[in-house]
Amino acid sequence: MRLTVGQALIRFLSVQSVERDREEHLFFAGCFGIFGHGNLAGIGQALLENRDTFRYYVARNEQAMVHTSVGYARMANRLQAFACTTSVGPGAINMATGAAVATANRIPVLLLPGDVFATRRANPVLQELEDPTTLDISSNDCLRPVSRYFDRIWRPEQLPQALLHAMRVLTDPAETGAVTLALPQDVQTEVWDFPDELLAPRVWPVRRPPPEPRLVDGLAALVRGARRPLIVAGGGVIYSAATDALATFASATGIPVAETQAGKGSLRFDHPSSLGGLGATGTTAANSTARTADLVIGIGTRWSDFTTASHSVFQDPDVRIVNINVTPFDTTKLAGAAIVADAREALVALSPRLSGWQVDEQYRRTYQAAAAEWNETVERSYQLNHQPLPSQSEIVGAVEASTEDRDVIVCASGSLPGDLHKLWRTRDPKGYHVEYAYSCMGYEIAGGVGVKMAAPEREVYVFVGDGSYLMLNSELATAVQEGIKIIVILVQNHGYQSIGALSESVGVGRFGTQYRRRTATGDLDGGTLPIDLAANAASFGVTALRAASMADFRQALVDARANTETTVIHIEDDPLVPSPDSDSWWDVPVAETAELQATREALVRYQSERIVQRDYFRPTTLPR
Ligand SMILES: Cc1ncc(C[n+]2csc(CCOP(=O)(O)OP(=O)(O)O)c2C)c(N)n1
Ligand SMILES: [Mg+2]
């Protein structure tokens with residue numbers, strides 16, 4: 001078939017499907033993009049020709065459109081994804097941050113940046129970077145380290161193989177992340193006789209690798225010998241749709257379950273085995289249980305330092321750690337024993353081997369009492385009635401009270417993810433969507449738009465701080481364009497207050513974290529900036545509601561739900577009210593010499609706290 005490279009590419013993408021658990025559907029939901037000279041005549045022309053089968057969405061910012069794609073694909077448990085097209089140079093490189101979010105979170109997205117002329121006839125083309133040591137490098141090479149597969153299509157003949165590799169990586173649960181096909185602007189428009197076979201519909205089975213039986217035997221033996229076993233559920237549990245299997249397994253054995261940020265929602269908060277979030281932003285129930293656990297089974301987790309409280313959360317010197325993960329890379333962490341497997345397959349294989357076995361009754365009572373105690377802590381923090389401005393926990397509590405089980409909350413950075421990880425009581429596996437692998441400011445609104453596109457039947461609540469909002473709010477325009485309704489909770493506290501609190505803890509006195517005017521002293525310690533964020537939101541044509549009190553806020557939540565269009569609720573809170581303590585630690589090093597007394601005190605504190613950190617764990621081997 002005689003087609004341009006752009007046309008063949010779009011036609012190929014529009015007929016790729018995936019299948020898992022006998023459910024089959026198209027893989028690509030469409031293409032986001034911003035056109036420039038580097039992609040409009042090639043890919044743009046192809047998108048125009050194929051607009052009935054492959055929908056095009058205009059975005060406002062290249063980073064943001066990748067976030068939207070990530071939000072969508074994560075909500076779809078990685079079984080659907082978007083393509084994103086840009087021009088050469090700044091448009092392409094703007095995607096790097098979004099690509100890193102995708103890759104760090106192991107979420108598929110296909111990036112299609114334009115690239116400089118393959119012929120080099122008129123170079124340097126507008127926006128060409130020019131490396132004096134080689135003409136073989138362009139801006140797009142910045143996307144290499146953030147892509148799980150990267151290719152540049154110098155000739156039309158190269159496209160078929162590159163497409164197969166792109167699909168292989170995008171649909172593989174262990175490999176997935178950002179995939180980049182860089183497309184020189186002349187090559188996009190070049191014609192070639194593409195084989196019909198390339199454009200035939202294709203179904204990619206998404207693998208569910210089962211665990212090796214002898215390894216599951218070994219794990220079952222470890223569990224039977226354990227007195228204080230603990231499961232740590234990560235995002236892999238949710239992406240593999242293993243949440244029912246986990247609930248059944250936890251009910252049958254009584255093993256408690258703690259959750260990572262991506263894994264939150266693995267178990268309903270009121271399941272008898274639920275301990276909530278683990279680690280630096282976790283619950284005291286999960287952290288105290290982890291501290292004495294003698295066997296930890298990590299399922300689908302990449303063990304970020306927030307989850308392990310910088311390797312301080314497991315304190316039993318003989319703790320054994322088993323990593324069940326579809327990604328071999330993650331199974332070697334914490335010196336754990338590796339079981340490379342799909343989360344659901346592993347749980348289903350393990351269950352019968354532990355039939356009739358239950359945790360010790362005393363252990364069960366202890367962790368359940370800790371969970372009940374944390375629940376009371378949450379209740380108290382929701383009802384602080386702090387004056388004159390509310391605490392952030394009250395805002396979280398009011399949103400929780402106004403939501404239904406299947407609603408989704410979205411967040412990514414600032415103080416909100418920590419508060420949500422601790423406090424939020426999840427009632428649905430897809431109800432909690434916090435991007436915390438990359439904790440990327442600016443993900444919130446853009447990602448929330450993607451979540452809503454993937455689940456239009458659900459109400460989507462985006463929590464965003466004033467800092468994140470100011471960094472990237474542009475996709476409110478895309479929400480309006482597409483008639484997408486999200487509810488944005490815009491929390492104003494006049495600065496980067498999470499970093500402010502951290503700054504104070506390391507003796508840097510909140511330096512450079514407040515939004516204030518510069519004064520005659522030369523410091524940023526003047527009045528707060530008069531930015532009207534609610535007016536800014538309203539200017540997009542969305543509904544903007546100002547809540548001057550918690551009563552206002554609760555009413556605004558009711559109104560936002562009743563509204564049919566995107567609604568931004570603006571509320572100011574007091575950044576100095578801490579959320580309940582996790583009884584945990586996070587490793588942020590302190591200056592080893594300093595003028596300020598506060599810094600020197602912080603160093604002493606840091607050095608004494610650091611003794612809880614375990615550099616290495618004893619290797620775990622499964623009994624044979
Ligand atoms: C893109 C990006 N830049 C910087 C950071 C570091 N950082 C993490 S939280 C934060 C402050 C966020 O401010 P805001 O959204 O107002 O939330 P708050 O801390 O006030 O709760 C910063 C600067 C980040 N996570 N992402
Ligand atoms: Mg803030």
Roughly to the nearest percent, how much of the accessible area of the chain is carbon and sulfur, given a 1.4 Å probe?
52 percent
Which of T528, T283, N323 sits farthest toward the positive end of the charge dipole of the chain, with +1 on the Cβ of Lys and Arg and -1 on the Cβ of Asp and Glu?
N323
Burial ranking of peptide ranges 454-463, 121-130, 406-415, 36-45 (average Cβ count within 10 Å, highest at the top)
406-415, 36-45, 454-463, 121-130
Reach of K430 by Cα under 19 Å, taken over lysines that are not fewer than 8 positions away in the same chain:
K264, K422, K452, K485
Peptides ranked, highest mean first, by Cβ atoms within 10 Å: ranges 519-530, 202-213:
202-213, 519-530
With a ≥ b ≥ c the root eigenvalues of the C-alpha gyration tensor of the stretch 418-474, is it rounded (a/c under 1.5), prolate (a/b larger than b/c) or oblate?
oblate
Run the dipole for the stretch 46-94 about the Cα centre, Lys and Arg Cβ at +1, Asp and Glu Cβ at -1, nothing else charged, and hand back the magnitude in debye, nearest 20.
180 debye
Rounded if a/c is under 1.5, else prolate if a/b beats b/c, else oblate: with a ≥ b ≥ c from the C-alpha gyration tensor eigenvalues square-rooted, which is the stretch 533-595?
prolate
Tell me whether the chain comes out rounded, prolate or oblate; compute the Cα gyration tensor, take square roots of the eigenvalues as a ≥ b ≥ c, and use a/c under 1.5 as the rounded threshold.
oblate
Would you work out which of M471, G447, L420 lies farthest towards the positive end of the dipole of the stretch 420-474? Charges go on Cβ: Lys and Arg +1, Asp and Glu -1.
L420
With N set to the number of residues, divide the alpha-carbon radius of gyration of the stretch 237-306 by 2.2 N^0.38 Å and report two decimals.
1.01
Give me the number: length gained by fully extending A401 to N123, i.e. 0.36 nm times residue separation minus the C-alpha to C-alpha distance, one decimal in nm.
94.1 nm
About the Cα centre of the chain, how large is the charge dipole given +1 on each Lys and Arg Cβ and -1 on each Asp and Glu Cβ? Please answer in debye to the nearest 20.
1100 debye
Given backbone amide H placed at 1.01 Å from N, residues whose amide H is under 5 Å from that of E19, ignoring those fewer than 5 places away on the same chain, are W204, V206
Report the one residue of V169, Q188, V146 whose Cα lies farthest in the direction of the positive end of the charge dipole of the stretch 126-190 (charges on C-beta: Lys and Arg +1, Asp and Glu -1; origin at the Cα centre).
V169
Distance between the stretch 341-355 and the stretch 555-577 - C-alpha centres, whole angstrom
43 Å
With charges only on Cβ, +1 for K and R and -1 for D and E, what is the dipole size of the stretch 484-624 about its Cα centre, in debye, rounded to 20?
420 debye
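The values are calculated or read from the model by the stated rules, or taken from the named source; none is laboratory data. The shown structure was predicted, so the numbers you read here are calculated from the model rather than taken from an experiment. Cβ atoms come from the backbone with ideal geometry, glycine included; neighbour counts cover every protein chain shown. Heavy atoms of the whole protein, side chains included, go into the accessibility calculation; ligands, DNA and RNA do not. Shrake-Rupley method; radii C 1.70, N 1.55, O 1.52, S 1.80 Å.
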